[in-house]
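Colleague: One structure is given below, represented as structure tokens, and several questions about it will come after.
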There are 2 protein chains.
Amino acid sequence: LSENRIRRILLRYRTPIERTLKTYLDQKKLQLGEVNRWGPDLTDRLYQFSTGGKLIRGSLILFSFDMVSHDDMSSAGTSASSAAASAAAAYELIHSFLLIHDDIMDRDSMRRGMRSIFSQYKALLENESGSQSLHEGEGLGICAGDVALLFAVELLARSLSDHPERTLAVLLLWSGELQHVGIAQMQDVYFSTLEREVKEEDILALYRYKTARYTFSVPLATGAILAGQTEETVRNLMELGEYFGLIYQIVDDRIGLFGDAGKTGKPVGGDLSEKKKTLYYHYLFRLASQAQKRRLSSILKGDSVNAPDLEYVREVLKVSGAFQRVEEKIEELRAAAEHKLECLPVGEENRAVLVWLLEHGIIREG
Amino acid sequence: LSENRIRRILLRYRTPIERTLKTYLDQKKLQLGEVNRWGPDLTDRLYQFSTGGKLIRGSLILFSFDMVSHDDMSSAGTSASSAAASAAAAYELIHSFLLIHDDIMDRDSMRRGMRSIFSQYKALLENESGSQSLHEGEGLGICAGDVALLFAVELLARSLSDHPERTLAVLLLWSGELQHVGIAQMQDVYFSTLEREVKEEDILALYRYKTARYTFSVPLATGAILAGQTEETVRNLMELGEYFGLIYQIVDDRIGLFGDAGKTGKPVGGDLSEKKKTLYYHYLFRLASQAQKRRLSSILKGDSVNAPDLEYVREVLKVSGAFQRVEEKIEELRAAAEHKLECLPVGEENRAVLVWLLEHGIIREG
């Protein structure tokens, strides 16, 4: 399969997700407009925010649904495939909910190349009331995230009519896994208040529950549940998703340290100034010399990391061998994923797409 | 009916709600303990926090369920009544979710006579990391609220097996109505940034969607849906609930101004210092003299309101006639509720309980 063909395969899911999101949010805009101005305000912002991302998670639901569906279901227009589109759109709303709340906690004012939602509201309040309103902007952002989650629940629940038992299984999977995301995020916030090092297994547990299962396992499993697959297939897809997700998170950390701010839409070095306990951070402090550690500590003490400091961190990562150790971890996970992939009953084309995702650091460059 | 008997009727629902909450949260505590420390930490705090309140909303679900049930269903132990207990416990978790997030927005450090959840986490972080951690405490509080909502969704979804179509209708009712609560809360946050007066109809819309429907209409309707009642009965209960809820909110405002901090568990005068746009606030500024308004404005400019200032506000409320105007509004709502109540097909005893609730300012003293 050519790279272009694979990109096209993954991009074809964008349209049904965007369309389902638009239909749902347009209807909510009308309905909530009767309550006050904030319903229409929020549905507009949410559509722009949600479709500003790559829709990886929603696309994976539809990809997985098609991958494991029998031929008589996978064609567009069946009720099962419309339920899958609703689930995909709902999951993107859930992703927006998480990002909106995360941005408040991390005080990230930019996201997806635009202002983050709480930051948009902060600007709105400053415009209208003329006062500095960080806390109130955060308050509106908390509500906006809550409502995004409630939109997702409603959108998913509305699709229950055709296959109630399947959509119900999805709702139980999502609510359970999102609890994991929530308590993993608590761990993340907690770690950010600590000066000391964090154990590798704690970092990997955090990656597993905050990112890996949520970003890959759950979408892959959701598609399979909606297609009526066996519990065994669902479980295998959950496991495969964990490997994909761990790689994805580590590559994301690498982009945070070595990436180009223009492409990522987030400030480079942000993970450092937020004292995120990444795998890089872990190996950096384990492998650096005493002198290097002293300078690293003083760099990380501040509220921001400037360009020369970032260059120094990159340098120490390379010369200490920390960078290499993380690369080895990625290779190990990649091998495990490929092994798991061989056991799954999926067609050649879909397998090729998944292998391509693995080899290309999983959609980050798309 | 004697007052004691009515109190006993309302209190009898506490036990099944507490038991259902405990069974669910104990099971989650065990399961989430495999992820990290925050799952068990949160289930403990949530049980204490949720049962620290009066469980009005959950009790109303069970009261309504019994009120409209046929005799063969209302006895304890049927599958429908177990679904009602799950719904009641889930709705109390939803209430905790909303309070946890509200307390962050309002910077309320006390709730239900204990520290609010974000404030508990702020103290935990200061203990463990030794640093001032308001923002991180708020971050943990945001996550805690999110997880409480996800617990509620899971608990409700798990009860779907017996009457899937009824529990599904409840899920759609809740997600839709909680969106109203969310955007009404946004309005509330927005109003708090404004110096100017707010129109009476905007205040009443806020009360309707943020409190009245959520606290009374939805619980009453939920009980009726789970008991398999007609759409007409559900609609009538929603309307009745609005009147009850508006009275409840206004009485709550009165307690905020005239109540005893020892009984309410919240600082008296808090609504004033937060510049909440209550009906009292509205009439106060409409009916006060120019001189009174100047002094009121200067009192409300500060971050807190001391005892003599509060006494002055109370005095102006009385002499300006503002207090009386709000009392008249309550009477008007009470009459409308009684009229609505006459049209509902409920037994004498239940009608007596509802009338008693109306006449006693709706459970606030219980």
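Colleague: Please tell me if A:S131 is more than 23 Å from the chain's Cα centre (by Cα), within 9 Å of chain B (Cβ to nearest Cβ) and surrounded by fewer than 17 Cβ atoms within 10 Å (Cβ to Cβ).
Modeller: In short, yes.
Colleague: I'd like the full set of residues that are under 19 Å from A:A90 (Cβ atoms), among the polar types (S, T, N, Q) and facing chain A (nearest Cβ under 7 Å), limited to the stretch B:142-187.
Modeller: B:S175, B:Q179
Colleague: Name the residue, out of A:T222, A:T211, that is crowded, with 24+ Cβ neighbours inside 10 Å and within 20 Å of the chain's Cα centre (by Cα).
Modeller: Result: A:T222 is the single residue among A:T222, A:T211 that is crowded, with 24+ Cβ neighbours inside 10 Å and within 20 Å of the chain's Cα centre (by Cα).
Colleague: Another one. For the stretch A:199-229, enumerate the residues that are more than 23 Å from A:A90 (Cα to Cα) and not in a helix (DSSP H, G or I).
Modeller: If the condition is that a residue be more than 23 Å from A:A90 (Cα to Cα) and not in a helix (DSSP H, G or I), then A:K199 is the only one that fits.
Colleague: Here's a follow-up. With farther than 23 Å from B:Y209 by Cβ and free of Cβ contacts under 8 Å to residues at least 24 places away in the same chain as the only criterion, which of B:S175, B:S131 stands out?
Modeller: B:S131
Colleague: So which helices (runs of 4 or more DSSP H) are wholly in the stretch B:273-366 and hold at least 3 residues that are within 21 Å of the chain's Cα centre (by Cα)?
Modeller: Correct list: B:279-287, B:322-343, B:348-359.
Colleague: Shifting gears a bit: For the stretch A:40-58, give me each residue that is touching a residue at least 12 places away in the same chain (Cβ under 8 Å) and within 14 Å of chain B (Cβ to nearest Cβ).
Modeller: A:L42, A:T43, A:D44, A:R45, A:L46
Colleague: Here is a check on your reading of the model: is A:R196 in a loop (DSSP other than H, G, I, E, B) and more than 7 Å from chain B (Cβ to nearest Cβ)?
Modeller: It is true that A:R196 is in a loop (DSSP other than H, G, I, E, B) and more than 7 Å from chain B (Cβ to nearest Cβ).
Colleague: So which residues in the stretch A:90-101 are within 10 Å of chain B (Cβ to nearest Cβ) and open to solvent by 10 Å² or more (accessible area, probe 1.4 Å)?
Modeller: A:L98
Colleague: If you scan the stretch A:118-128, which residues turn out to be more than 9 Å from chain B (Cβ to nearest Cβ) and crowded, with 19+ Cβ neighbours inside 10 Å?
Modeller: Answer for the stretch A:118-128, where residues must be more than 9 Å from chain B (Cβ to nearest Cβ) and crowded, with 19+ Cβ neighbours inside 10 Å: A:F118, A:S119, A:Q120, A:K122.
Colleague: What are the residues in the stretch B:102-117 that are under 22 Å from B:A152 (Cα atoms), within 11 Å of chain A (Cβ to nearest Cβ) and more than 13 Å from the chain's Cα centre (by Cα), if any?
Modeller: B:I104, B:M105
Colleague: Ok, one more. Kindly evaluate B:E138 against the criterion of being more than 9 Å from chain A (Cβ to nearest Cβ), more than 20 Å from the chain's Cα centre (by Cα) and of a type in the set (D, E).
Modeller: So B:E138 fails the test.
Colleague: If the requirement is being touching a residue at least 60 places away in the same chain (Cβ under 8 Å) and hydrophobic (A, V, I, L, M, F, W, C), which of these qualifies: A:V326, A:V313?
Modeller: A:V326
Colleague: Return only the number of the condition from (1) more than 8 Å from every other protein chain (Cβ to nearest Cβ); (2) open to solvent by 20 Å² or more (accessible area, probe 1.4 Å); (3) in a helix (DSSP H, G or I); (4) farther than 20 Å from B:F151 by Cα that A:L237 does not satisfy.
Modeller: The single condition A:L237 does not satisfy is (2).
Colleague: I would also like to ask the following. Of all residues in the stretch B:3-14, which are under 22 Å from B:A90 (Cβ atoms) and open to solvent by less than 80 Å² (accessible area, probe 1.4 Å)?
Modeller: B:L10, B:Y13, B:R14
Colleague: Do we find a residue being under 19 Å from the mean Cα position of the chain (by Cα), over 19 Å from B:Y283 (Cβ atoms) and at pLDDT 90 or above anywhere in the stretch B:251-265?
Modeller: Scanning the stretch B:251-265 turns up no residue that is under 19 Å from the mean Cα position of the chain (by Cα), over 19 Å from B:Y283 (Cβ atoms) and at pLDDT 90 or above.
Colleague: Name every residue in the stretch A:40-62 that is over 25 Å from the mean Cα position of the chain (by Cα) and open to solvent by less than 10 Å² (accessible area, probe 1.4 Å), in order of residue number.
Modeller: Across the stretch A:40-62, there are no qualifying residues.
Colleague: Out of B:V198, B:V189, B:V181, report the one residue that is in contact with a His (Cβ under 8 Å, 6 or more places away or on another chain) and under 27 Å from B:G269 (Cα atoms).
Modeller: B:V198
The values are calculated or read from the model by the stated rules, or taken from the named source; none is laboratory data. The model shown is predicted, which means the values in this text are computed figures rather than measured ones. Don't worry about glycine lacking a Cβ; one is built from the backbone with ideal geometry, like all the others, and counts go over all protein chains shown. To get the accessible areas, we keep the full protein, side chains included, count just its heavy atoms, and leave off ligands, DNA and RNA. Shrake-Rupley method; radii C 1.70, N 1.55, O 1.52, S 1.80 Å.
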